[in-house]
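Participant: Let me give you the structure first, and then I'll get to my questions.
The values are calculated or read from the model by the stated rules, or taken from the named source; none is laboratory data. A quick note: this is a predicted structure, and the numbers were derived from the prediction, not measured. As a convention, Cβ positions derive from the backbone with ideal geometry for all residues, glycine included, and neighbour counts pool all protein chains shown. Areas reflect the complete protein model, heavy atoms only, side chains present, ligands, DNA and RNA absent. Shrake-Rupley method; radii C 1.70, N 1.55, O 1.52, S 1.80 Å.
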Amino acid sequence: MSEPESASEALRWLRYARDDLDVAGQMAQEAGRARYTCWFSQQATEKALKALLVLEGIDFPFTHDLESLLELHDEWPQRTTGADLEQLTEWGAESRYPGDWPELTAEDGARAQAEARTVYDSIVAEFGRRGIAVE
């Protein structure tokens, strides 16, 4: 894929991430929707990470494990933001299925949304450092 093509495809992934983050915000406003807030926050983070990987030309597996995605890129500055990717990955599974874990709370949703925003914003900033405008 050429550089302009990879930038265009990476921006597409980033747009999907932003859309998921917007939906997470909408769900956070509705009582009893914490699991949806957590799910869309995890999805926003996953798509934002994949946007950076696409931009770099790094192939990635079909996985929801956010830490494994981040490990595919050795030098990415997001590592310093402190986002809890392990927790977001767990919430991604716990939000979709009933299981032997506590119900997700509004506080969980708010934290998931904040973590996702941290990752998304850092990736948007990275695109900006490379001279790629994000809508």
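Participant: Loop-only check: which GluC sites (Glu not before Pro) in the range 1-56 are DSSP coil with at most 13 other Cβ within 10 angstrom?
Facilitator: Within the range 1-56, the qualifying GluC sites (Glu not before Pro) (loop, at most 13 other Cβ atoms within 10 Å) are Glu30.
Participant: For the chain, what does the helix formula give at 222 nm: sum of -39500 (n - 2.57) over DSSP H segments with n ≥ 4, over the residue count, nearest 500 deg cm²/dmol?
Facilitator: Estimated from H runs of four or more residues: -22000 deg cm²/dmol.
Participant: Measuring with a 1.4 Å probe in the full set of protein chains, what accessible area per residue, in whole Å², belongs to the chain?
Facilitator: 55 Å²
Participant: What part of the accessible area of the chain, given as a whole %, is carbon or sulfur when the probe is 1.4 angstrom?
Facilitator: About 49 percent, which is the carbon plus sulfur part of the accessible surface.
Participant: With an 8 Å Cα cut-off and a minimum separation of 6 or more residues, compute the relative contact order for the range 41-135 in percent.
Facilitator: Computed value for the range 41-135: 38 percent relative contact order.
Participant: Based on the Cα gyration tensor of the chain, what are the three equivalent ellipsoid semi-axes, each the root of five times an eigenvalue, rounded to whole Å and given largest first?
Facilitator: Semi-axes (√(5λ), whole Å): 26, 15, 12.
Participant: Another question, then. For the range 92-102, just list the computed ³J(HN,Hα) in residue order, Karplus coefficients 6.51, -1.76 and 1.60, θ = phi - 60°, integers in Hz, with x standing in for Gly and Pro.
Facilitator: My calculation for the range 92-102 gives x, 7, 5, 7, 9, 9, x, x, 8, 8, x Hz in order.
Participant: Below 8 Å, C-alpha to C-alpha, sequence gap of six or more: please give me the relative contact order for the range 10-56 in percent.
Facilitator: Averaging sequence separation for qualifying contacts and normalising by length gives 53 percent for the range 10-56.
Participant: For the range 69-135, which trypsin sites (Lys or Arg not before Pro) are both in a DSSP coil and crowded by at most 15 other Cβ atoms within 10 Å?
Facilitator: Of the trypsin sites (Lys or Arg not before Pro), the ones in loops of the range 69-135 whose Cβ has at most 15 other Cβ atoms within 10 Å are Arg96, Arg130.
Participant: Still on this structure, I have one more. If you find the alpha carbon centre of the range 34-55 and of the range 78-128, how far apart are they in angstrom?
Facilitator: If you average the Cα positions of each part, the centres end up 8 Å apart.
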